[in-house]
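Here is the structure we will look at.
The values are calculated or read from the model by the stated rules, or taken from the named source; none is laboratory data. Every value quoted in this text rests on a predicted model; they were computed, and no experiment measured them. Neighbour counts are summed over all protein chains in view; Cβ atoms, including those assigned to glycine, are modelled from backbone coordinates with ideal geometry. Note: accessible area is taken over every heavy atom of the protein model, side chains too, but ligands, DNA and RNA are not part of it. Shrake-Rupley method; radii C 1.70, N 1.55, O 1.52, S 1.80 Å.
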Amino acid sequence: MHPADNRHQEGFNITRTNRVLLIYTGGTIGMGHNKQNGALEPLDFNHLKSNMPELASLDTDIDVYQFTPPIDSSDMTPQLWSKLVSIIHESYNAYDGFVILHGTDTMAFTASALSFMLENLTKPVILTGSQLPIGQLRTDGKENLTTSIEIASAHHADGTPIVPEVCIYFSGSLLRGNRSTKSNADRFNAFESNNYPHLADAGVTINYHEEHILKPDFSRPMIPHFQTDNNVIVFTLFPGIEEHIIRHVIDTPELKSVVMRTYGSGNAPQKDWLMKSLHEGTKRGVTIVNISQCAAGSVEMARYDTGFQLKNAGVISGYDSTVECAIAKLMFLQAEYSDPLIIRELMNTSIAGEITN
């Protein structure tokens, strides 16, 4: 693995294909009404252009890969992340970018995972979806889809893409995928990246904030990774949390890592049993990552004594990572490395723009 860098080869030219691959996994955006019985059922996205004639105005061709059957995003799995990596890898040179239609519930998990599994990504991978089916009158799906395709094909004069990273586009906002979280179940602006600026904002025009966009090494190939190790658990601290439950979690033989959601800037109860359990876990090789329960802000374990005790117990800071990203990153690193010391070091290193440390 190589940490994310900002190298950009001046004058480097990329051969463009003027094609974008649309990958439909499932989700609300792809639901339509059966004309005979009125029931919601998945649309055939191979007939997308006939259903959305406005796509003909885009300056790029669109091909479709459709999951059969489509899945609800609640059923997303690491095995399907690997399938997405395979699809992108196998068709990488044939397209300028990729748009993944995905249900909103687990979109941030998938975006985070792909940001690590597609090492040195040099093309846009834009995840989007909608809160209302694309066939409904008030749908947000058409704008989300159209703008995502436009972003996936946007490029500089030298052919290099403007946004060569995994992103989520929703309701006028382009967000770094591994910085995003679903923040609203009902409104069209369903996602936010509380700890990182938007990569672009789309209104009458698309305003790209290039100072915030990753610049990969275009002279290096994209390296796909297909494996994850899912022996990770999340637990949230709360007043009255019981010792025996935490001990059962930490003592699980197969457990390799814990995402621990703490208070404020990374604080925990000053309980001897808690610190002892955490210390025993880290000594056994379990990676315990401290993530704040707050939607915005960063973990700073040296700020208060309660956080400093966690550091002494071997807990490492998750900085300003989202929970979704911390989980996906641990799954990825555990498949790549068997040494917990390397995993802990890389959890404290930004390898795809996922943390500010």
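Does L214 qualify as being at pLDDT 95 or above, outside any helix (DSSP H, G or I) and farther than 16 Å from I343 by Cα?
Working: at pLDDT 95 or above: yes; outside any helix (DSSP H, G or I): yes; farther than 16 Å from I343 by Cα: yes.
Criteria met by L214.
Going residue by residue through the range 175-195, is there one that turns out to be in contact (Cβ under 8 Å) with a residue 24 or more places away in the chain, open to solvent by less than 50 Å² (accessible area, probe 1.4 Å), within 19 Å of L22 (Cβ to Cβ) and in contact with a helix residue (DSSP H, G or I) (Cβ under 7 Å, 6 or more places away or on another chain)?
Among the residues of the range 175-195, at least one is in contact (Cβ under 8 Å) with a residue 24 or more places away in the chain, open to solvent by less than 50 Å² (accessible area, probe 1.4 Å), within 19 Å of L22 (Cβ to Cβ) and in contact with a helix residue (DSSP H, G or I) (Cβ under 7 Å, 6 or more places away or on another chain), which makes the answer yes.
When you look at V64, is it of a type outside the set (F, W, Y) and either free of Cβ contacts under 8 Å to residues at least 12 places away in the same chain or open to solvent by 20 Å² or more (accessible area, probe 1.4 Å) (or both), yes or no?
yes
I'm trying to understand the selection: among the residues of the range 152-170, which are open to solvent by 50 Å² or more (accessible area, probe 1.4 Å) and either in contact (Cβ under 8 Å) with a residue 12 or more places away in the chain or within 14 Å of A108 (Cα to Cα) (or both)?
Here is the first cut: in the range 152-170, the residues open to solvent by 50 Å² or more (accessible area, probe 1.4 Å) are 155, 157.
Matches in the range 152-170: H155 only.
Can you find, within the range 76-110, the residue that is surrounded by the fewest Cβ atoms within 10 Å (Cβ to Cβ) among those that are touching a residue at least 12 places away in the same chain (Cβ under 8 Å) and of a type in the set (D, E)?
Of everything passing the filter in the range 76-110, D105 is surrounded by the fewest Cβ atoms within 10 Å (Cβ to Cβ).
Would you call S257 at pLDDT below 95, surrounded by 13 or more Cβ atoms within 10 Å (Cβ to Cβ) and in contact with a Ser or Thr (Cβ under 9 Å, 6 or more places away or on another chain)?
Taking the combined requirement at face value, the residue does not satisfy it.
Which pairs turn up if I take residues in the range 225-237 that are outside any strand (DSSP E or B) and look for partners that are open to solvent by 30 Å² or more (accessible area, probe 1.4 Å) and of a type in the set (D, E) with beta carbon separation below 8 Å, at least 6 apart in sequence or on another chain?
H225/E336; Q227/E336; N231/E254
Are any residues in the range 89-110 in contact with a Ser or Thr (Cβ under 9 Å, 6 or more places away or on another chain), among the hydroxyl-bearing types (S, T, Y) and in a loop (DSSP other than H, G, I, E, B), and if so, which ones?
Y95, T104, T106
What residue, among those in the range 162-208 that are outside any loop (DSSP other than H, G, I, E, B), hydrophobic (A, V, I, L, M, F, W, C) and closer than 18 Å to V323 by Cα, is modelled with the lowest pLDDT?
Pass one, the range 162-208, residues outside any loop (DSSP other than H, G, I, E, B): 166-170, 173-179, 181-182, 191-192, 200-202, 206-208.
With hydrophobic (A, V, I, L, M, F, W, C) added as a condition, the list becomes 166-168, 170, 174-175, 191, 200, 202, 206.
Keeping just the survivors that are closer than 18 Å to V323 by Cα gives 166-168, 175, 191.
Numbers: V166: 98, C167: 98, I168: 98, L175: 98, F191: 89.
That would be F191.
Of S277, S257, S265, which residue is out of contact with any Gly (no Cβ under 6 Å at 6 or more places or on another chain), in contact (Cβ under 8 Å) with a residue 24 or more places away in the chain and within 22 Å of F116 (Cα to Cα)?
Of S277, S257, S265, the one residue that is out of contact with any Gly (no Cβ under 6 Å at 6 or more places or on another chain), in contact (Cβ under 8 Å) with a residue 24 or more places away in the chain and within 22 Å of F116 (Cα to Cα) is S257.
Looking at the range 323-339, is at least one residue open to solvent by less than 40 Å² (accessible area, probe 1.4 Å) and within 19 Å of F238 (Cα to Cα)?
Checking the range 323-339: at least one residue is open to solvent by less than 40 Å² (accessible area, probe 1.4 Å) and within 19 Å of F238 (Cα to Cα).
Go through the range 111-151 and give me each residue that's open to solvent by 10 Å² or more (accessible area, probe 1.4 Å) and part of a helix (DSSP H, G or I).
S115, K142, E143, T146, T147, E150
Suppose we filter I288, I245 for residues that are loosely packed, with under 14 Cβ neighbours inside 10 Å and among the β-branched types (V, I, T); which single one remains?
Numbers: I288 fails: loosely packed, with under 14 Cβ neighbours inside 10 Å.
Exactly one residue qualifies, and that residue is I245.
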